[in-house]
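The values are calculated or read from the model by the stated rules, or taken from the named source; none is laboratory data. Keep in mind the model is a prediction, meaning the values are calculated, not measured. FYI the Cβ positions are ideal-geometry reconstructions off the backbone, even for glycines, and counts take in every protein chain you see. Ligands, DNA and RNA are stripped out before the accessible areas are found, and what is left, the full protein with its side chains, is counted by its heavy atoms. Shrake-Rupley method; radii C 1.70, N 1.55, O 1.52, S 1.80 Å.
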Amino acid sequence: MKLQCDVEVVNRMLPSFGMKSRGKGMRAVLSIGKHLDKTSQRSNIYMMICTAKDRAGCKYKLKDNIEKFFTWFVEEGKATVRLKEPAIDICLSKADANSLKNFLSAARLADRGSDASSLPLSTLTPVRARDVEQPKKKLTIVSKRDYPLTSNFPYSLEQLQVSYCKLSRVDMRMLSLKALRKLDLSNNHIKKLPATIGDLGCLSELILHNNHLEAFSEALCLSTLQRTLLLLDLSQNRLQSLPAQFCQLKELVNLKLDDNELVCLPFHVGRLSKLRFLSAAHNQLAMLPSDFRKLSLENLDLFGNPFVQPNPLDHKMKLTFPLPLQELASRAVANLRLPYGPHLIPAHLCRDLEVAKMCDCGRVCINFYIKTAVSMNLHQVSHTVVLVDDMGGTDAPVQQHFCSLSCYSEFLDNSLQRGIR
């Protein structure tokens, strides 16, 4: 049984001499195994600690020699083993949580004097220099032959790139890297993302360029990625749509959606208030959502989309007269900004209110409206705009909704007057 972690050995007698411990751990390899006791000429089970300064290791007897285990923070990879003789505390940190639990379990059994045949013992030999090196922060793998099949990824990784390895799914070992800030899985064959990626609480960059993704799940949008994700690259995949909850990723600064099959952007894309770089070139976008007007970008690329030519007379009418009571009630809730939730009204009504449309008059419509498209110069939302087409245009059609026939008629009158002028 071996464990790689940071170790600090604290002598409990130091305070009595007015001294303090160094307070800083060193990278070490801990082993549990048999060692011949020269005084008794018997083999006993020992714990050996090897560091870069002492690769030969220091051994501590375990049987009936552990006073206490401190395991309050074992899920964070931290624990302390208090020995009776010598009077020391072995403080462990920066360990893989599961490996640490297994190691402590073996140490507990050794302390109780369990049969050695039931323990996962190791040979107590000096370690190699690379085993006690400082934790690795960055790892790049760009060949299938370099991909680790039997060993784990270094627990301390903050940046991991695994490309050109023909991965068809995300390796679950990656999802235990709690310090990971950047995960680059570009140029693989990944079809689906596990929801547990959202458990990587430090992840700020997720790069999935050139895979086979067909969906981005709602669970990921509602995970801790809401608070941490700054860059998301989903370019060159097979996405046809993004969930409405996608706009919960409110910390996004850079979003790449190029070369997919997207027919629309998320309805509330304007809620991505921190977004500064957006590229969605070479998709199947016919028009942009009305919320697109709320964006404030530095760079925008929508080249190569089959945008329709906006015509105010070309509209889709979803109005009935009179309006249903449910529509009137929903409009009242939205216009008066009344609080709502699944504890107050049915969940499907909450979902309807989440995608409420804003009319030109400032009032809201839900499921009954008139929809058309108007032309918008993209420089209104972005400082730099990549040309929309080969003709040098920077205009694109944006959806516009009207809550009533009178609002749409007023819009047509204004459009006609502008056309005459």
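Observations on the model:
- Of the whole protein surface, ARG27 contributes about 20 Å² of accessible area at a 1.4 Å probe radius.
- Ordering of 337-347, 79-89 by burial proxy (mean other Cβ atoms within 10 Å per residue, highest first): 79-89, 337-347
- Taking only protein heavy atoms and a 1.4 Å probe, the accessible area of the chain is 52% carbon and sulfur.
- Mean accessible surface per residue for the chain, computed with a 1.4 Å probe while every protein chain stays in place, in Å²: 54
- Pairs beyond 27 Å (Cα-Cα), from LYS94/LYS274; LYS94/LYS182; LYS34/LYS68; LYS94/LYS166: LYS94/LYS274; LYS94/LYS166
- Share, in percent, of DSSP beta bridges within the chain that are antiparallel, nearest 5: 65
- Helix 97-111 and the long axis of the chain differ in direction by around 20°, with both axes built from C-alpha atoms.
- Taken over the range 93-222, the convex hull of the Cα atoms encloses 151 Å³ per residue.
- Among 308-314, 267-273, the peptide with the highest mean count of other Cβ atoms within 10 Å heads the list, and the full ranking is 267-273, 308-314.
- Computed over the chain, the per-residue total of -39500 (n - 2.57) for DSSP H runs of n ≥ 4 gives a 222 nm mean residue ellipticity of -4000 deg cm²/dmol, rounded to 500.
- Report note on the peptides 113-119, 182-188: ranked by the mean count of other C-beta atoms within 10 Å, highest first, their order is 182-188, 113-119.
- Charged neighbours of ILE66, selected by a Cβ distance under 15 Å, balance to +4 (K, R count +1; D, E count -1).
- DSSP-defined antiparallel bridges as percent of all bridges, the range 349-412, nearest 5: 90
- Bridge type composition, the range 211-367 - antiparallel percent by DSSP, nearest 5: 20
- Surface listing: HIS35, HIS282 arranged by accessible area from highest to lowest gives HIS282, HIS35, probe 1.4 Å.
- Start at zero, step by 5 Å, and the Cα-Cα distances of the range 138-194 spread as 4, 19, 32, 29, 15, 1 percent across the bins.
- Quotient of the Cα radius of gyration of the range 1-122 and 2.2 N^0.38 Å, N being its number of residues: 1.03.
- Relative to the longest principal axis of the Cα atoms of the chain, the long axis of helix 325-335 lies at roughly 70 degrees.
- By a 1.4 Å probe calculation restricted to protein chains, VAL132 has an accessible surface near 10 Å², given to the nearest 10.
- Accessible heavy-atom area order of HIS212, HIS401, HIS315, highest first, probe of 1.4 Å: HIS315, HIS212, HIS401
- For the range 343-411, the extents of the C-alpha atoms along the principal axes are 50, 31, 18 Å, listed from largest to smallest.
- Unit charges at the beta carbon, dipole of the chain: most positive-side option, ALA129, LEU319, ALA244: ALA129
- Square roots of five times the Cα gyration tensor eigenvalues for the chain, Å: 62, 24, 17
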